[in-house]
1. Quick one: would you say C:Arg253 is open to solvent by 10 Å² or more (accessible area, probe 1.4 Å), touching an Asp or Glu at 6+ places or on another chain (Cβ under 9 Å) and basic (Lys, Arg)?
2. Just give me the residues in the stretch B:282-341 being without any contact (Cβ under 8 Å) to a residue 40 or more places away in the chain and among the aromatic types (Phe, Trp, Tyr), in sequence order.
3. I need a count of the residues in the stretch D:347-369 that are within 10 Å of chain B (Cβ to nearest Cβ) and buried (at least 20 other Cβ atoms within 10 Å of the Cβ).
4. Pairs please, first residue from the stretch C:386-397 and assigned by TED's automatic domain parsing to the domain that holds C:Ser313, second anywhere and surrounded by fewer than 19 Cβ atoms within 10 Å (Cβ to Cβ) and among the aliphatic types (A, V, I, L, M), Cβ atoms under 9 Å, 6+ apart in sequence or on different chains.
5. Quickly run through the stretch C:141-155 and pick out the residues that are assigned to a strand (DSSP E or B) and open to solvent by 50 Å² or more (accessible area, probe 1.4 Å).
6. How about the stretch C:367-397: which of its residues are touching a Lys or Arg at 6+ places or on another chain (Cβ under 8 Å), assigned to a loop (DSSP other than H, G, I, E, B) and modelled with pLDDT of 95 or more?
7. Take the stretch C:263-290 and flag every residue that is of a type in the set (D, E, K, R) and either within 24 Å of D:Val282 (Cα to Cα) or within 14 Å of chain D (Cβ to nearest Cβ) (or both).
8. Does at least one position in the stretch C:106-123 carry a residue that is closer than 27 Å to C:His37 by Cβ, of a type in the set (Lys, Arg) and open to solvent by 20 Å² or more (accessible area, probe 1.4 Å)?
Amino acid sequence: MDFELSDEQNLLKDSVERFVKDNYSPEARAKLTETELGFSRDHWKTMAELGWLGLPFSEEVGGFGGTAVETMIMMESMGRGLVLEPFLSTVILGGGLVAEGGSAEQIENIIPEVIEGNLMLAFAYAEKQSRFNLNDVETSASKSGDGYILNGHKAVVYHGTTADKIIVSARTSGASKDKDGISLFIVDNNAQGLSRRDYATIDGQRAADIVFENVAVDASALLGQEGAALPVIEKIVERTIGALCAEAVGAMETANDITNEYMKQRKQFGIPIGKFQVLQHRMVDMFMEAEQSKSMSDMVAMKLELEDAAERSKAVSAVKAQVGQAAKFVGEQSIQLHGGMGMTDEYSIGHYFKRLTTIEMLFGNTDYHFKRFAALSA
Amino acid sequence: MDFELSDEQNLLKDSVERFVKDNYSPEARAKLTETELGFSRDHWKTMAELGWLGLPFSEEVGGFGGTAVETMIMMESMGRGLVLEPFLSTVILGGGLVAEGGSAEQIENIIPEVIEGNLMLAFAYAEKQSRFNLNDVETSASKSGDGYILNGHKAVVYHGTTADKIIVSARTSGASKDKDGISLFIVDNNAQGLSRRDYATIDGQRAADIVFENVAVDASALLGQEGAALPVIEKIVERTIGALCAEAVGAMETANDITNEYMKQRKQFGIPIGKFQVLQHRMVDMFMEAEQSKSMSDMVAMKLELEDAAERSKAVSAVKAQVGQAAKFVGEQSIQLHGGMGMTDEYSIGHYFKRLTTIEMLFGNTDYHFKRFAALSA
Amino acid sequence: MDLSFNEDDVAFQQEVREFLATSLPQDVKERADRGLHPTKEGQVRWQKILNEKGWMAPNWPVEYGGTDWTITQKYIVAHEMGSVAAPQPMAFGVSMVGPVIYTFGNQEQKDKYLPRILNSEDWWCQGYSEPGSGSDLASLQTKAVRDGDHYVVNGQKIWTSYAQHADMIFCLVRTDSSVKAQEGISFLLIDMKTPGITVKPIYGLDKENSLNEVFFEDVRVPIENRIGEENKGWTYAKFLLGNERTGIARVARSKRQIARVREIAGAEKCEEGYLLEDPDFVRKLARLEVDLMALEYTELRYLSMLSNGKKLSAEPSLLKIKGTEIQQRLTSLLVESLGMYGAPYEPERAYEGRNETPVGPDYANGPMAEHLYLRAATIYGGSNEIQRNIVSKMVLGL
Amino acid sequence: MDLSFNEDDVAFQQEVREFLATSLPQDVKERADRGLHPTKEGQVRWQKILNEKGWMAPNWPVEYGGTDWTITQKYIVAHEMGSVAAPQPMAFGVSMVGPVIYTFGNQEQKDKYLPRILNSEDWWCQGYSEPGSGSDLASLQTKAVRDGDHYVVNGQKIWTSYAQHADMIFCLVRTDSSVKAQEGISFLLIDMKTPGITVKPIYGLDKENSLNEVFFEDVRVPIENRIGEENKGWTYAKFLLGNERTGIARVARSKRQIARVREIAGAEKCEEGYLLEDPDFVRKLARLEVDLMALEYTELRYLSMLSNGKKLSAEPSLLKIKGTEIQQRLTSLLVESLGMYGAPYEPERAYEGRNETPVGPDYANGPMAEHLYLRAATIYGGSNEIQRNIVSKMVLGL
């Protein structure tokens, strides 16, 4: 048993931390969130140059063959700066789906482009009625000649605004909550019949609702086996949850650092507020939540490589539930301990609070994962 | 809207408080708990003389026609001293069932004797499998000539050890969880075929498991209509819950007073521990829990007189849930704030903790009543 | 002890319901129900309607325009208004400075300001907090120096809610720096149009402008705008803070929020049914309802004590603490009930010139804005930590 | 980073399982599983079996009898023992005074005491707390005055666990009152049979006698029973307190408790099925399991850091805080799962001479006793409030 990073992993960590330090001051980030794009294409290029966009892909397709541990390291450091570039959407989620479920041809066509930074992806899975249930899919894909016709409404597709290609889950057979009958399709974001409503999200990112109205795609758009996509989706979403939890750990640790520092500086009644025992203990509880989350995030990074899907899924839900609770507590208390200053959009702490708030919800909130964990434990 | 007591009610309150002050020092109570009986027959006589045992009964049968408000006043004051006499079991629960469900003859035979202090009652309703479900009754009463034959096992009958008569819920028809088919019987505690296992409970009281093995009773033992006892049971158990919550309020307020006082006396690091902000805020939270419980207990005392059973039941479950949460928090934190001293059986605070622990559980624990409240709100 | 309504109460409840059904403007109601900040125009329009009915200031003495309602009547009005999301009058005028004026002001001040508050001619804001003085209010630094018939005010206030709308500000200023902090403070009423006042918006977590900084640069305030005696302002401020706590529980609003949670969770699908059937959700909602009920009856019990001539110590701090905790849990649950549609968020000004409404179901517009804004509920008006300090000292004697 | 077991680890796990299956006495296991206090005889019998196997003191240096296990092996042993409810050796000897002796004691002391600890010939107890000094340990008043080759000890210790069984007590005593509190303390090993020592039982919340007061009246202790230097006892005590925190998380025991909750809740009927299917119960259990998992991996992460030569500050306080909170929630849930049968309770001595077992299902015997006793878990060894003070100061620098 060993929780220590290898030398190589430490280098990666240093490298991401340097990037964040150089590019993600609160002011720089605030400026990026106000742009149309919501992030920086220059940063994306840098990430490509540093090889980060190829991190989890196999060496055969030009990647670095990194495991979930390397992803965890990168996401945790990115969480410290609340990095806005769509690394999670494009590399872990979109790229992950292609690499896991795609044909040799699809992998060859897409992954190297992702690695080069030339192609962005997004995953459209949620629907109005689906809540966090990955197999609740009403978007339909009906056979038409050699190809398919897609119809449906996908909700809150993170980075659907800027992705070149959207990976869509759609039902090729079965009833709306069946586990069988779900397929994945790779669709151009400017396909005929696809319409988008773009908007900002509270965490300063961009998302879109995407409506498919008789969108025609070739047979080559099918990703993986027809009707058998759910296990692929679940596996990749679980990796994404692991990555998201690592991001939350970085964000929590930084929110705690900012708050701890503020408590040393801010004076009331003539003394630093960090001298008040009640606030000290609150800060200790925030520290403990972050520590526990870090341990769980490390654990899941190691367990994500497991073959035993039940054991892996249980670990993932446990981590998401733990991190969800911690994120809510740390986020809210960071604001509380900052007092009025925490309420301003200008000051950085609020942005950590908001990102932590969405992470708690994304891919299933705390209650959802406690329930899933319990079901897997029964 | 008015939460103030009338002059008469204030007199009652003073009278009970004086009784508790005179008779229920921690030492005096500790002695009583060590006796075989577990309470004092002299106290019981005093209570009869003061008219307390007739409090809730109508004036026609020699009672005082008091409402749930008078019961609340009395129980709250008794809670302050953790009074051990079986007022709740005999007067509110047992007496309540007879007065509510009994025939004129049964009322005439029993209630005046209760008021005089000559007759004690206990209610045997719980069974091994029933948990908190009042209509989960497997004890059977089968017709036999003019009477009935009882068979079954009743669990944790509070004061079943000393009651002269046991009121038993038994099934005269239907399946084990049916709402119809439950009947009540008044059985002598020394009836042929009735066997008891007596024991102490953690709150210093006495209870018994009672086994009925072919216990034969006359038709006159039937209390109320055959098979239609559940509404009577529910109504009286709700009044009992109201009374129990009032007791909890008195116990919490006293536990808080004791703890608050201890915090002023006990020094660590050269200053009273009540000067540590974390402990201050804990004590404030305990105070707030007791305040909220007091408001709810007052409210339910007023609402218990309502004709609308659904509204009344909802209020009762809300109060039990609130008091249950508060009792757990106040009880546990009282121990914590006392440190080692709180861990000794000799010091009084632990007994408040233990009684509050059982009150949380009796007649349905916090979760049970939240669920019942939600079901009634749906 | 008695919880029942008498015949008069029932008739009064009917009157309130009818008034609200016919007089509450739909646009005002809708913003309030969603939890969005009021517009100045809408809020004033509604307050004028309330004043016409004579219900603008129920808590004021009758001689100044109060209603002389029993606590039961006040309870009825608060709950009927809450249940249809009718906004309460802005507190700064009618609940805060108004009582200070009729309690400590002179006749001229009463004659001048009270009618204008009742008829919403002046929008008031509160000049208490400063950058260096949050919980430690008495450490304020804004200075007022006598110059003939005027004070010359210099300094800065912060977290001033709706200062951008305000005609008047009531301010705590330091008139004597040579004495103990609390002893050199005066209470001034200042016209926001006075030269030298600058209002600078603060954009909040919700990306909206409700908070502001207010700068004073050689602002000349006539001495007749001082309430009571010079250097006694702390007394009036403390009176006001005590007053502010009544109603702070916001029970009626929270009851309406419970109903909104039910509406949304009854419409949101979840597994085989609706979110409102999910046991975890049910449990959280039930806990909130019970906690709110406990708060409601605690408020009533305290009101009953007051109306029976009993004195309270710092017990009302409990109403602030529990009330704000419940408000925050409610907005959390509202946001949670939206599922993925909790994430989209743009401030209102982002929609200017766009022919669009916010994305997602209609009920998704509001909860996140309020959730973000209400993080302040446990901070302002004396943070909940400060409230616990107060209870510890005043009630528990620790 | 690596969580996997290698082949040796798997073989070792097998060995541990076999040892426990064949060597753990059934009566010892049963008491431990129920959460009842051990009997002296049973505990000693089991410890002697452990020592025969060479596993009495895994954390000791090999030269004194330790095992030189990797952290994976320690993890395996702790978890295998936990899962079959095998009691850990009493901490006072092997985990507390033992390390003090081999770290600060002289050769004679090592030779004399360490083998007796390993073979459970001495039952040790801890003389730290005094009536006036709980959290403020350094304020202790028990005096030791030099008289030739002896110290003469006078004073009183309190909350002394299992002093009634003890052969030896390690004591903090004041040898110099003229200096700062921490600087005048010495660390003595005292034979409990020495004249002048009286043990008085304290009956706890559980009505059992595990705690005691220990009185010292002119107790003569040879100076060779002092550890290290005179007046340096605080250093050794602090070392011991730091040491005490390892293993304080009690993860393996809590895992077994989770299994017990499942056993009981799976047998208890509730509504149409079993308690284990009740959504509220399921949620509470899942929360506990996840919290316990977080604690487990935090402990492992810290152990990993230590074994990689990194230093920890006060992080292990987290293990104490979270570990004890989880233990208490677990006993709460155990009691809750019993329903009405949570109420009956009599101490063990009440059964003497009665031909009866406790009422209710067999599994109802234990949970309440442990629930009551474990209220102390957040108090002893530095209360959780003190632990938070320590983290605040040492880790957060507040």
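1. no
2. B:Phe287
3. Summing the residues that are within 10 Å of chain B (Cβ to nearest Cβ) and buried (at least 20 other Cβ atoms within 10 Å of the Cβ) in the stretch D:347-369 gives 4.
4. Partner pairs satisfying both residue conditions: C:Arg388/A:Val278; C:Asn389/A:Val278.
5. Hits for the stretch C:141-155 are C:Lys143, C:Val145, C:Arg146, C:Asp147, C:His150, C:Asn154.
6. Within the stretch C:367-397, C:Gly397 is the sole residue that qualifies.
7. Hits for the stretch C:263-290 are C:Glu268, C:Lys269, C:Glu271, C:Glu272, C:Glu277, C:Asp278, C:Asp280, C:Arg283, C:Lys284, C:Arg287, C:Glu289.
8. The answer is yes, given that some residue of the stretch C:106-123 is closer than 27 Å to C:His37 by Cβ, of a type in the set (Lys, Arg) and open to solvent by 20 Å² or more (accessible area, probe 1.4 Å).
The values are calculated or read from the model by the stated rules, or taken from the named source; none is laboratory data. Everything quoted here is computed from the prediction, not taken from an experiment. Neighbour counts are summed over all protein chains in view; Cβ atoms, including those assigned to glycine, are modelled from backbone coordinates with ideal geometry. These accessible areas exclude ligands, DNA and RNA; they are computed on the full protein's heavy atoms, side chains included. Shrake-Rupley method; radii C 1.70, N 1.55, O 1.52, S 1.80 Å.
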